[in-house]
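First comes the structure, then the notes that go with it.
The values are calculated or read from the model by the stated rules, or taken from the named source; none is laboratory data. On a predicted model such as this, the values are computed, not experimentally measured, just so you know. Positions of Cβ are generated from backbone atoms using ideal geometry, with glycine treated the same way; all protein chains shown enter the neighbour counts. Accessible surface areas use protein heavy atoms only, side chains included; no ligands, DNA or RNA. Shrake-Rupley method; radii C 1.70, N 1.55, O 1.52, S 1.80 Å.
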Amino acid sequence: MRAGFPDFRLGSVLATSFTGTLSERHGNAVERIPTPHRLVDWLAVNGLAVASCTTVQLDLARELRESIHAAATAAAIQDALPASAVQVINDCSTQGRAAAVLTPEGERRWRLSSASCVEDALSVIAADAISIIAGERDGRLALCASPTCQAAFFDTSQSRTRKWCDMNTCGNRQKKARFNANQRKNPSSAE
């Protein structure tokens, strides 16, 4: 990882992890892919290594990220999908060259062509977004209960009642705030 940048928030679902490259959307937003090189880093961490990225490609990636976030948010609240977001996701999905491959462990991985570019990687992310927004995978789209985050995430818990996009950040922050509020309300309970 390159020094001086915020850590990536990695998850098990590619598309929603990608939307997490901009966190705290309703608070002090944290941009986790501020430069083309940082997008290259994120793609590599997620098995979609590319050699380079231009500023134009970074802009396209951010447009896809925001489109996925808008469509996933709409799907989570059972609202109509924004037509412009659907168009961007579909365009990105069809522009790349990638193939699904089966690993010896029986898992699906994506293989980009030997001359892969950012658009190839973005097509994989867009295809992943399509599969979760279309309801093709076992789970449900939900929004983080943190008022400053409200990130869309894909809940694959058994009960499908997860409240936080990431328990280690948003969940712990909310639990700590609730604990501190209770301590202020009942100061004698701390003794």
Under Karplus coefficients 6.51, -1.76 and 1.60, residue-wise ³J(HN,Hα) of region 140-145 in Hz, glycine/proline x: 9, 7, 9, 10, 4, 6
Pairwise FRET efficiency - Ala134 versus Asn182, Cβ, R0 = 30 Å, nearest 0.05: 0.10
Nearest-20 debye value, the chain charge dipole, Cβ charges on Lys, Arg, Asp, Glu: 780
Computed over region 1-135, Cα set: Rg, Dmax in Å: 14.4, 43
Average accessible area per residue (Å²) across the chain - probe 1.4 Å, nucleic acids and ligands excluded: 55
Distance in nm between pseudo-label sites at Ala100 and Lys163 (7 Å out along the Cβ direction from Cα): 3.5
Partner lysines for Lys185 [C-alpha distance under 24 Å; skip if fewer than 8 residues away on the same chain]: Lys175, Lys176
Estimated FRET transfer efficiency when R0 is 41 angstrom, pair Ala49-Thr156 (beta carbons, to 0.05): 0.95
FRET efficiency, 1/(1 + (r/R0)^6) with R0 35 Å, evaluated for Asp59 and Thr148 via beta carbons: 0.85
Of all accessible heavy-atom area on the chain, the percent that carbon and sulfur account for (1.4 Å): 51
Helix-only mean residue ellipticity at 222 nm for the chain, each DSSP H run of n ≥ 4 adding -39500 (n - 2.57), per residue, nearest 500: -13500 deg cm²/dmol
Using alpha-carbon coordinates, inclination of helix 83-95 to the longest axis of the chain, degrees: 50
Partnerless cysteines, meaning none of the other Cys C-beta atoms lie under 4.7 Å away, in the chain: Cys53, Cys92, Cys117, Cys170
